Amino acid sequence: MQKNILITGAAKRIGAACARLLHSEGGNIVLHYRSSKDDALQLCNELNQKRPDSAKLIQADLLNMHELEAVAREAALAWGGIDVLINNASAFYPTAVNDVSEWQWDELLGSNLKAPFFLAKSLVETLTDNKGCIVNIVDIHAERGLKGYPVYSIAKAGLAAMTRVLAKELGPVVRVNAVSPGAILWPESELSEQDKAEILQRIILNRRGEPLDIAKAVLFLIKDADYMTGQILTVDGGRTLFC
Ligand SMILES: NC(=O)c1ccc[n+]([C@@H]2O[C@H](COP(=O)([O-])OP(=O)(O)OC[C@H]3O[C@@H](n4cnc5c(N)ncnc54)[C@H](OP(=O)(O)O)[C@@H]3O)[C@@H](O)[C@H]2O)c1
């Protein structure tokens, strides 16, 4: 798979799993990170040791439009064009409705919805030239909001809507799809053991998924889903059957 792939928030966790799998399939990876410099550097070195000049790093806070545009520009220059944009970067934290600040709204909507849209906009030319595709990482709670996380849920609902809208706008040349994870990795801000147990109880396969489960779905959408656009693949161990 000779594709040049930009992954946002790729330094660790699900983004890094996507980078490793897509790289192992032959992709060149532009790894975007914001603050996880050490993890990003380590991953970039790991990939370049496997295949020289197959990974590059770009640092940016995607809430800053100038930095976002620079990411798109540099990514498009990296190997002469981008074939795939994976919108994975995301802020995730609870927000009580009566206490949420405008800054929190801007951060959650900015990272989960505005940045994916403006990255798509900034890359549309190179994606079109390369008959490329976009994969958005959504969340099962885009459909039915996660209690305690209204603003995050609204942002992901927007990203799901954006997946379908951009599929229409950018078709027939650029395909736009999404992967919707259930419980894969616990958030970096800790959940209580009781919360974790309650989540696990509602998963038919009785366990969390692995980052690799998401990466495999992303790979499928890029490599083998030539006749799919505007679709959202749910990877949740059957959890949505309980919602
Ligand atoms: N984990 C799960 O079980 C789960 C479940 C459902 C959906 N998802 C979705 O799957 C994706 C990956 O999940 P994850 O848990 O691996 O993500 P994560 O660790 O929570 O976040 C991924 C990266 O997003 C980057 N990021 C956040 N705000 C940013 C900003 N303003 N500008 C640039 N980068 C920013 C961070 O980069 P730095 O560390 O470099 O700052 C972070 O490492 C996300 O879209 C998430 O919503 C995950």
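The values are calculated or read from the model by the stated rules, or taken from the named source; none is laboratory data. These numbers come from a predicted model, not from an experiment. FYI the Cβ positions are ideal-geometry reconstructions off the backbone, even for glycines, and counts take in every protein chain you see.
Numbers at a glance
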item	result
Residue tally, condition among the hydroxyl-bearing types (Ser, Thr, Tyr) and within 12 Å of the ligand (Cβ to nearest atom), over region 189-232	1
Evaluation of residue 34 against (1) within 13 Å of the ligand (Cβ to nearest atom); (2) surrounded by 22 or more Cβ atoms within 10 Å (Cβ to Cβ); (3) not aromatic (Phe, Trp, Tyr) (one fails), failing number	(2)
Some residue of region 22-44 being without any contact (Cβ under 8 Å) to a residue 24 or more places away in the chain, out of contact with any Ser or Thr (no Cβ under 8 Å at 6 or more places or on another chain), of a type outside the set (S, T, N, Q) and closer than 22 Å to residue 222 by Cα	yes
Single unsatisfied condition, residue 68 versus (1) crowded, with 21+ Cβ neighbours inside 10 Å; (2) touching a strand residue (DSSP E or B) at 6+ places or on another chain (Cβ under 9 Å)	(2)
Scope region 185-215; condition surrounded by fewer than 19 Cβ atoms within 10 Å (Cβ to Cβ) and hydrophobic (A, V, I, L, M, F, W, C); matching residues	185, 186, 191, 197, 199, 200, 204, 205, 212
Odd one out for residue 4, checked against (1) more than 20 Å from residue 132 (Cα to Cα); (2) crowded, with 19+ Cβ neighbours inside 10 Å	(1)
Filter result for residue 180 (within 16 Å of the ligand (Cβ to nearest atom) and surrounded by 15 or more Cβ atoms within 10 Å (Cβ to Cβ))	yes
Residue 174 vs. criteria over 16 Å from the mean Cα position of the chain (by Cα) and crowded, with 21+ Cβ neighbours inside 10 Å	yes
Any hit, region 154-164, residues being assigned to a helix (DSSP H, G or I), modelled with pLDDT of 95 or more and touching an Asp or Glu at 6+ places or on another chain (Cβ under 6 Å)	yes
Residue list for region 170-186, restricted to those being farther than 27 Å from residue 129 by Cα and not in a loop (DSSP other than H, G, I, E, B)	180, 181
Top-ranked residue in region 225-237 [being over 22 Å from residue 168 (Cβ atoms) and of a type outside the set (Val, Ile, Thr); ranked as surrounded by the most Cβ atoms within 10 Å (Cβ to Cβ)]	236
Residues of region 109-141 satisfying the condition of being crowded, with 23+ Cβ neighbours inside 10 Å and within 14 Å of the chain's Cα centre (by Cα)	111, 112, 115, 116, 119, 133, 134, 135, 136, 137, 138, 139
Elements of type strands (runs of 3 or more DSSP E) contained in region 52-152, each with 1 or more residues being within 11 Å of the ligand (Cβ to nearest atom), polar (S, T, N, Q) and closer than 19 Å to residue 182 by Cα	84-87, 133-137
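The rows are residues; the columns are (1) assigned to a loop (DSSP other than H, G, I, E, B); (2) away from the ligand (no atom under 11 Å from the Cβ).
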residue	(1), (2)
11	yes, no
20	no, yes
23	no, yes
38	no, no
42	no, yes
